[in-house]
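Chemist: Got a structure for you, questions after.
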Amino acid sequence: MAQFVCEICGATFEQKSRHEQHMLTSHPEQAVSAADIEKALEGVEFPKARSELVDAVDVDEREVRDILERLPEREYRDAAEVARAFGELRTHENAPANQPSKTGGERAMQAPSAARFASLFAGMRFPATREELKHHARSKASEEEMQALESFGDHTYDSMADITKELARVS
């Protein structure tokens, strides 16, 4: 009678070593992926230092925390930078220096992002004036974001696409 049963497929084994070998070859544990890291960082507001990212991840997500602890100590501007650093860690290769998040220079690091603005205006009814945009965003926007809104033209915005274009103009 078999003493060891695979809980996944039901295969039976009389020797523990054969059961363990079966588990390793037939049902290997999935390695942490960039998607797993992104999911663990869901809701995290960037920029964040590596140590802040580690602290933001649930203690139960030990494998993700271990990977984040191995990333280079620096400030990460967004989840895409974390994913690139994770890719570099996995492949032992450095990504090209002209990555989109680096090409904007220091000014881009200070400028509000289009993605952040999209979250500020979630639920916004269009068309909307600059004053209506400011009123809607006031409770959630940072000082820099409010300053960017102050620079918007004093006209009506028909959609998020209009806001994104205006943000690009003023940044």
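Computed from the coordinates by the stated procedures, all read-outs in this text should not be read as laboratory data. In this text, all values refer to a predicted model and were calculated from it rather than measured experimentally. Here the Cβ positions follow ideal geometry from the backbone for every residue, glycine too, while neighbour counts run over all protein chains shown.
Chemist: Could you point to the residue in Leu120, Val5, Gln15 farthest towards the positive end of the chain's charge dipole, with +1 and -1 charges on the Cβ of Lys/Arg and Asp/Glu respectively?
Modeler: Going by the Cα projections, it comes out as Leu120.
Chemist: Per q in 0.15 1/Å, what log10 I(q)/I(0) does a Debye calculation on the alpha-carbon atoms of the chain return?
Modeler: -0.94
Chemist: Based on DSSP H runs of at least 4 residues, each adding -39500 (n - 2.57), what is the mean residue ellipticity at 222 nm of the chain after dividing by all its residues, to the nearest 500 deg cm²/dmol?
Modeler: Value at 222 nm, helices only: -14500 deg cm²/dmol.
Chemist: Next question, about the same structure. Expected output is a single nm value to one decimal: the length gained when fully extending between Ala161 and Asp55, i.e. 0.36 nm times separation in residues minus the C-alpha distance. What is it?
Modeler: 34.7 nm
Chemist: Taking K and R as +1 and D and E as -1, what net charge do the other residues with C-beta under 15 Å from the C-beta of Val5 add up to?
Modeler: Local charge sum for Val5: -1.
Chemist: For the chain, how many pairs of lysine residues have a Cα-Cα distance under 23 Å, where the two are 8 or more positions apart or belong to different chains?
Modeler: 7
Chemist: May I pose another question? With a cap of 15 neighbouring Cβ atoms within 10 Å, and only residues DSSP puts in a loop, list the trypsin sites (Lys or Arg not before Pro) found in the range 1-100.
Modeler: Arg74
Chemist: 5 Å is the cut-off here: which amide hydrogens, built 1.01 Å from N in the peptide plane, fall below it relative to Glu75, excluding neighbours closer than 5 in sequence?
Modeler: Here nothing satisfies the definition.
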